[in-house]
């Protein structure tokens, strides 16, 4: 019954428009779509955040915050090799330290990084053994994340959970020392948007280099 009422209302409005009783105005916006247009375009866009109006962007920030805080980060202690992925980010203290040795040099591992492999590389380094270029890259990345977590604590872990944010981008954002948490998350969201915007270009560049 509700659908019939809605359809009847639409038909009545269309008749009034046709007869000139209702005037239709066109709003041309070159920067971002209107809130109504956004919801239509977002259904067909791969990156709806790129064109989100401010009100929707704030909603996206809240959604991202809840998602990030609910995740369980992979943390490896570069001092003793202890690995942990048991606690959600919202359960972590602001200042992090290894539960086994108490040291603060915790590396954040990406999803594609095997903690056993990184631990093995760390052991080779401590034993003075030579590392391959790939092992050096893996260890260097882990060390950069550990340095940021040591300096900025939980916020660094939060930054690494956002798509497209690595040590360099995280350092730039964390260095702002945001007094307002929403401003911090807004910078994270904007960095994610920038990553999604430029990702096709870098993937194309990478593909050309492999040829």
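The values are calculated or read from the model by the stated rules, or taken from the named source; none is laboratory data. This structure is a prediction, so every number in the text was calculated from the model and none was measured. Every residue, glycine as well, gets a Cβ built from its backbone with ideal geometry; the counts of neighbours run over all protein chains shown.
Find the residue count for the stretch 9-36, including only residues that are outside any loop (DSSP other than H, G, I, E, B) and at pLDDT below 75. Adding up the residues that qualify gives 3. In the stretch 1-29, the residues that are surrounded by 10 or more Cβ atoms within 10 Å (Cβ to Cβ) reach residues that are part of a loop (DSSP other than H, G, I, E, B) and modelled with pLDDT under 80 with C-beta atoms within less than 8 angstrom, at least six apart or across chains, in these pairs: 17/24.
Check 107, 140, 156 and return the single one that is surrounded by 13 or more Cβ atoms within 10 Å (Cβ to Cβ) and in a helix (DSSP H, G or I). Spell out how you get there, then give the answer.
Numbers: 107 fails: in a helix (DSSP H, G or I); 140 fails: surrounded by 13 or more Cβ atoms within 10 Å (Cβ to Cβ).
Unique residue meeting the criteria: 156.
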